[in-house]
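> Structure provided below as structure tokens; questions to follow.
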Amino acid sequence: MSKVVKFGGTSLADAGQFKKVYDIVKSDPERVYVVPSAPGKRFKDDIKVTDLLYKAYNANTEAEMHMVFAQIKERFTDIIEGLGLDFSLDEDFEIMRKDFENQIGEDYAASRGEYLNGKLLAYYLGYEFIDAKDVIFIDEHGNYDISKTERHLTRKLKSVKNAVIPGFYGSLNDRSGKIKVFTRGGSDVTGSIVAKYGKVDAYENWTDVSGFLIVDPNIVKNPSVIETITYGELRELAYMGASVLHENSIFPVKNEGIPINIKNTNHPEDPGTMIVESTCHKPSHVITGIAGKKGFATVTIEKEMMNSEIGFGRRVLQVFEDYNLSFEHMPSGIDTMTIVLNTDDFIDKEQNVVAGIHRAVQPDSIVLESDLALIAVVGRGMKASRGIAARVFTALANQKINIKMIDQGSSELNIIIGVRNVYFEDAIRAIYNEFFND
């Protein structure tokens, strides 16, 4: 067997964490490829190295840039000295300083935390360092170029036994060679890409929690860990705000049937959460997880005999497309159609959209509402169980929480409930207590 191991920022925040990572990697010879993030927070009020890099690059004065730059250099120096290594990043910092002064690009600046951490970790482990810019190629929209990445990364990985490939960045898929980053959390995506083209048997994603939690621990104290979850369930939960794993990291490994294991760097003995394509393992509970987000708005369109008007829905959605707006959900009735979308995206375009809908379909009325939160109740066990929706609605009713919207997918994998923002946390706790507290 062979494995890719990706370590998050908290797992590499200081020398002590580096030593834990060393022990984890060296304890299993199957861990052949390592994908590091930039150093994260060492304590609650600390600043991530990536945030410092953004701050330095966007500094108002050269003096401010050099001051922040010194903080970044100190972070890496502390790690090197704490590990007792005969290793220097001075030359790299000098190159970076000149590139920052020349404003070479914000993506370049953001990527340097992973780059430097990758070089340092490769030296510490005795592994070869592979610069991600040489093997991973990303388009202007932040999506990786499959064919070009496959060609370069596959060839490179075949030539090495063990390697460190920094996460989060690559090169633009043109001839410029400019650095391009994924969205925040993109080191997860890098790990998944390396797992796919390295043709490994498993992808271990090491973080600061012992697996994927059933619900946000900031809302429910000490929630249980999910033992096994499918890619479909994870996709639903990640989309609705669960943040252990970057949602786009699912696709490269899913297509290869490679399982993901979420593990805790500080408690490596914990089994963590296994993420798989499909499984015969029965879930411990009917519900696998609960997640949600605030800040949605609804556009409700009413028109008598709407259901008999061919092309009505297409014309309505065309208006949203014309204003570059994507929708989250679209519950409907015989004479009503509701579009749910992100409030921040919609608020500045709302009157244009309303006018566009009037021109497109001549509705009887249009009603706008905001202050909506969406909660997803997700579980593969829901298909074979009766009365799940009734239990959810009863749990909310018992807490006197009014439901503003209900939407269930045809896969029966999830139920989406809309409530007022003010009831968001109470609603999640009510649902959790219904299914997980005996």
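The values are calculated or read from the model by the stated rules, or taken from the named source; none is laboratory data. The model shown is predicted, which means the values in this text are computed figures rather than measured ones. A quick note on method: Cβ atoms are made from the backbone with ideal geometry, for glycine too, and the neighbour counts reach across all protein chains shown. Remember, those area values only see protein heavy atoms, side chains included, never the ligands or the DNA or RNA. Shrake-Rupley method; radii C 1.70, N 1.55, O 1.52, S 1.80 Å.
> Suppose we keep only residues that are aliphatic (A, V, I, L, M) and within 19 Å of Ser187 (Cβ to Cβ) within region 69-119. Which one would you say is surrounded by the fewest Cβ atoms within 10 Å (Cβ to Cβ)?
First pass over region 69-119, keeping only residues aliphatic (A, V, I, L, M): 70, 72, 79-80, 83, 85, 89, 95-96, 104, 109-110, 116.
From what is left, the residues that are within 19 Å of Ser187 (Cβ to Cβ) are 72, 79, 109-110, 116.
Numbers: Ile72: 23, Ile79: 25, Ala109: 23, Ala110: 21, Leu116: 25.
Step by step, filter region 69-119, then rank; the result is Ala110.
> Okay, next question. Which residues, taken from region 151-172, are open to solvent by 10 Å² or more (accessible area, probe 1.4 Å) and more than 18 Å from Ala110 (Cα to Cα)?
Hits for region 151-172 are Arg151, His152, Thr154, Arg155, Lys156, Lys158, Ser159, Val160, Lys161, Asn162.
> In region 393-403, is there at least one residue being at pLDDT below 95, under 29 Å from the mean Cα position of the chain (by Cα) and crowded, with 18+ Cβ neighbours inside 10 Å?
no
> Go through (1) modelled with pLDDT under 95; (2) surrounded by fewer than 23 Cβ atoms within 10 Å (Cβ to Cβ) for Ala122 and report which single condition fails.
Every condition holds for Ala122 apart from (1).
> Let me ask something else. Report, ordered by the first and then the second residue, all pairs with beta carbons closer than 6 Å, sequence separation of six or more or different chains, a first member in region 115-137 that is under 13 Å from Gly167 (Cβ atoms), and a second member that is open to solvent by 10 Å² or more (accessible area, probe 1.4 Å) and modelled with pLDDT under 95.
none
> Also, quick follow-up: Which of the residues belonging to region 125-138 are out of contact with any strand residue (DSSP E or B) (no Cβ under 7 Å at 6 or more places or on another chain), open to solvent by 30 Å² or more (accessible area, probe 1.4 Å) and among the charged types (D, E, K, R)?
If the condition is that a residue be out of contact with any strand residue (DSSP E or B) (no Cβ under 7 Å at 6 or more places or on another chain), open to solvent by 30 Å² or more (accessible area, probe 1.4 Å) and among the charged types (D, E, K, R), then Asp134 is the only one that fits.
> Also, I was wondering about something else. From the set of residues in region 262-273 that are farther than 19 Å from Val35 by Cβ and touching a residue at least 24 places away in the same chain (Cβ under 8 Å), which is most open to solvent (accessible area, probe 1.4 Å)? Walk me through how you get there before you give the answer.
Of the residues in region 262-273, the ones farther than 19 Å from Val35 by Cβ are 267, 269-271.
Within this subset, residues satisfying the condition of being touching a residue at least 24 places away in the same chain (Cβ under 8 Å) are 267, 270-271.
Values: His267: 86, Asp270: 46, Pro271: 101 Å².
Once the filter is applied, the top-ranked residue is Pro271.
> Here is a follow-up. Is it the case that Gly167 is within 26 Å of the chain's Cα centre (by Cα), within 21 Å of Phe18 (Cα to Cα) and assigned to a loop (DSSP other than H, G, I, E, B)?
Numbers: within 26 Å of the chain's Cα centre (by Cα): yes; within 21 Å of Phe18 (Cα to Cα): yes; assigned to a loop (DSSP other than H, G, I, E, B): yes.
It is true that Gly167 is within 26 Å of the chain's Cα centre (by Cα), within 21 Å of Phe18 (Cα to Cα) and assigned to a loop (DSSP other than H, G, I, E, B).
> Being over 30 Å from Thr288 (Cα atoms), outside any loop (DSSP other than H, G, I, E, B) and in contact with a Pro (Cβ under 9 Å, 6 or more places away or on another chain) narrows it down to one of Val367, Val353, Val316, Val340, so name that one. Show your work before the answer.
On the way: Val367 fails: in contact with a Pro (Cβ under 9 Å, 6 or more places away or on another chain); Val353 fails: in contact with a Pro (Cβ under 9 Å, 6 or more places away or on another chain); Val340 fails: over 30 Å from Thr288 (Cα atoms).
Testing whether each residue is over 30 Å from Thr288 (Cα atoms), outside any loop (DSSP other than H, G, I, E, B) and in contact with a Pro (Cβ under 9 Å, 6 or more places away or on another chain) leaves just Val316.
Each row is one residue, and each column tells you yes or no for (1) loosely packed, with under 14 Cβ neighbours inside 10 Å; (2) touching a Leu at 6+ places or on another chain (Cβ under 9 Å); (3) part of a strand (DSSP E or B); (4) of a type in the set (Asp, Glu).
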position: Met1; (1), (2), (3), (4): yes, no, no, no
position: Tyr22; (1), (2), (3), (4): no, yes, no, no
position: Gly40; (1), (2), (3), (4): no, yes, no, no
position: Asp45; (1), (2), (3), (4): yes, no, no, yes
position: Asp51; (1), (2), (3), (4): no, no, no, yes
position: Ala63; (1), (2), (3), (4): yes, no, no, no
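> A follow-up question, please. Out of all the residues in region 211-230, which are surrounded by fewer than 19 Cβ atoms within 10 Å (Cβ to Cβ) and not β-branched (Val, Ile, Thr)?
Asp216, Pro217, Asn218, Lys221, Asn222, Pro223, Ser224, Glu227 - these are the residues of region 211-230 that are surrounded by fewer than 19 Cβ atoms within 10 Å (Cβ to Cβ) and not β-branched (Val, Ile, Thr).
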